[in-house]
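Here is the structure we will look at.
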Amino acid sequence: MELLLVAVLVVLLVGGFVWWRRERAAREARSLADVRADAQRWYERLGGQVMNLHGDAPAVRQALVDAAERYNAAGSQLEQAGTVHQYRLARETALEGLAYARAARVALGLDPGPELPPLAAAQGTGELTRERQVQVQGQTFKAGPQPGRDTPYYYPGGRLQGRPVPAGWYSTPWWKTALGAGAGVIGGMLIADALFSPAFADPGYGDEAGSQEGFGDGAADQGDFGGDQAADFGGAAGDFGGGDFGGGDFGGGDFGGGDF
């Protein structure tokens, strides 16, 4: 009798384990299918924007070039993806491309359309709220909240060497060079200091103005996003065989927020 009870118990345990494994595999398959469908949805939406938007203005052309680069990168990521994490990274790249497409619509004078989900890499960076102009190593750099003849390069927000760079329009894509190595990093940090530091290169940008523009908020928020999500998205190149996602400015990780 005891042997029979032991045999029944063993059968129940084995059956329960098999059921648990099957249920776990089914949940993982459903989760994978969900994130794959979500990434594919944003990717297809980006493709429609890239195909249908056209314009000759420098700001429009540049934003569409950046959007197309992200579209190609997201497509490559989707082809290689096989995990939930990798599909989420592809989704992030597609959303970044849509941010550029949205900027192109603004430059065209069109309705930018519905708000996009926030970019993980731009979490808390804020955005430019007024025009800036500084001199760095004999060169003039401009930035502002709207596209213009002197500010044709859009950036959706990111982090440069741990420093937040707000979303806005810039006179040159200096962040791309700064994400490289050597002198480019140093030059990029100098530009970031000049553009975003309240006390550097702008006599009219004092501590009070800096606080109103969101520098205090950025410092407070910076730690909130700097851990797990930065590791997830800032280190994404390793999951896809190396390299940056789109045009060299996605791998920046996380940012600390507020308006600039």
note = Env charge @ ARG36, Cβ radius under 13 Å, K,R +1 / D,E -1, value -1
ask   = For the range 57-100, with only Lys/Arg (+1) and Asp/Glu (-1) charged at the beta-carbon, what is the dipole magnitude about the Cα centre, in debye rounded to 20?
value = 60
query = Got a number for carbon plus sulfur as a percent of the range 1-108's accessible area, 1.4 Å probe?
reply = 59
query = Ranked highest first by the average count of other Cβ atoms within 10 Å around their residues, in what order do 71-84, 26-39, 155-168 fall?
reply = 155-168, 71-84, 26-39
key: Computed lengthening from LEU13 to LYS176, 0.36 nm per intervening residue step minus Cα-Cα distance   = 53.0 nm
task = Scan around LEU160 for amide H atoms under 5 Å from its own, H built in the peptide plane at 1.01 Å from N, and keep only partners 5 or more places away or cross-chain.
result = VAL165
inquiry  = Report the Cα centroid-to-centroid distance between the range 1-64 and the range 81-123 in angstrom, as an integer.
reply    = 20
task = Express the accessible area of the range 29-115 per residue in Å², computed with a 1.4 Å probe while the remaining protein chains stay in the model.
result = 48
ask   = Which distance in nm do the two modelled labels at MET189 and GLU44 give, with both placed 7 Å along the Cα-to-Cβ direction?
value = 4.6
query = Each label point is 7 Å from the Cα along the Cα-to-Cβ direction; what then is the distance between the points at TRP20 and HIS54, in nm?
reply = 6.1
Amide proton proximity set for GLU127, modelled H, under 5 Å, gap of 5+ = ALA167, ASP259, PHE260
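The values are calculated or read from the model by the stated rules, or taken from the named source; none is laboratory data. Since the structure is predicted, the reported quantities are computational estimates derived from the model, not experimental observations. A quick note on method: Cβ atoms are made from the backbone with ideal geometry, for glycine too, and the neighbour counts reach across all protein chains shown. These accessible areas exclude ligands, DNA and RNA; they are computed on the full protein's heavy atoms, side chains included. Shrake-Rupley method; radii C 1.70, N 1.55, O 1.52, S 1.80 Å.
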